[in-house]
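Derivation of every value follows stated rules applied to the coordinates shown; laboratory data play no part. Predicted model only: the values in this text are computed from it and were never measured. Cβ placement follows ideal geometry from the backbone for every residue including glycine, while neighbour counts extend to all protein chains displayed.
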């Protein structure tokens, strides 16, 4: 989920985990693709919005793409995303008004599932009662991943944004922060409850799953990334369509515009947008662009 949603959502059935290969070990591929325009190159870099500190420094291929690029494009405006004003606006939409609560709004079955799952979690149900289901889900997930060493502040998009700001590179984005927030705040009650159900279903394996995602991201293993992401959405195809597939389609016109430019561009989006059927890479390939994984 957090490889498909932007970082605001982190503030969005696996085997035993093997040792993670970090980018300090030579690998043949990375979560990086190169698309040739007529006069420029657009690099597509798959981001993990929460990463471990030991996943840095970045691979030489990624560093080279960053250094070549005069423009960096994110899913949304990273500066606005990090502002206190945006955080307050988001929190207003993420919490119930006085007199309402999770217990009053969730189905008895889902609330029981929530309580039983939190018995082994780092957060108690009392802390979540005022949150709407989608916000409760994100809070649980982020806290569990932080316990496993993954951190929003180490996320690749934040890392690249900080560096690009210091280097005075130009910025652009696909979506407004309000649009991104609306992906969750505008969920129907049923969709919001399904979002929580998806998180709770995978709660016991989220740490293992993210370990495997980190390993697949580091080695550019697109098949593994695609499988892990699809498994997460398997029971929620409408959420998969809304959070990933529809947005991929909406970004293509902007990407084609970038490919008609003069300057090299680094595009940083959740890795889930770049792998599998219906991904940005898949859609651009279908349009005849030659794409090379680096």
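Our note on the geometry: Cα centres of the stretch 76-152 and the stretch 208-235, 24 Å apart.
Determine, from the Cβ-Cβ distance of residue 285 and residue 189 and an R0 of 41 Å, the FRET efficiency 1/(1 + (r/R0)^6), rounded to the nearest 0.05.
Efficiency, rounded to the nearest 0.05: 0.60.
Extending 7 Å from the Cα toward the beta-carbon at both residue 151 and residue 250 defines two label points whose distance is 3.2 nm. Dividing the summed helix terms, -39500 (n - 2.57) for each DSSP H run of n ≥ 4, by the number of residues in the chain produces a 222 nm estimate of -14000 deg cm²/dmol to the nearest 500. Which ordering of 76, 95 is given by a fewest-first count of other beta-carbon atoms within 10 Å? Going from least to most buried by this count: 95, 76. Label positions at residue 104 and residue 223, each projected 7 Å from the Cα along the C-beta direction, are separated by 5.2 nm. Residue ranges 165-175, 40-50 sort as 40-50, 165-175 when ordered by packing (mean number of other C-beta atoms within 10 Å per residue, highest first).
Name all residues of the stretch 155-182 having a backbone nitrogen under 14 Å from the label point set 7 Å from the Cα of residue 79 along its Cα→Cβ direction, giving them as ranges. Correct set: 161-173, 177.
For residue 208 and residue 119, FRET efficiency with R0 = 22 Å and r from the beta-carbon atoms, rounded to 0.05? Before the final figure, lay out the partial values.
Working: r = 19 Å, r/R0 = 0.86.
With R0 = 22 Å, the Cβ-Cβ based efficiency is 0.70.
Take residue 167, project a point 7 Å from its Cα along the Cβ direction, then tell me which residues of the stretch 56-71 have their backbone nitrogen under 13 Å from it. Inside the label zone: 58-71.
Translational diffusion coefficient, Stokes-Einstein: compute it for the chain using the Kirkwood radius over C-alpha pairs as Rh, at 10 °C and 1.306 mPa s, and state it as an integer in µm² s⁻¹. Please report the intermediate quantities before stating the final value.
Working: Rh = 19.6 Å.
Translational D for this selection: 81 µm²/s.
In terms of the mean number of neighbouring beta-carbon atoms within 10 Å, the peptides 111-118, 81-88, 271-278 order highest first as 271-278, 111-118, 81-88. Of the residues 107, 154, 279, the one with the fewest other Cβ atoms within 10 Å heads the list, and the complete ranking is 107, 154, 279.
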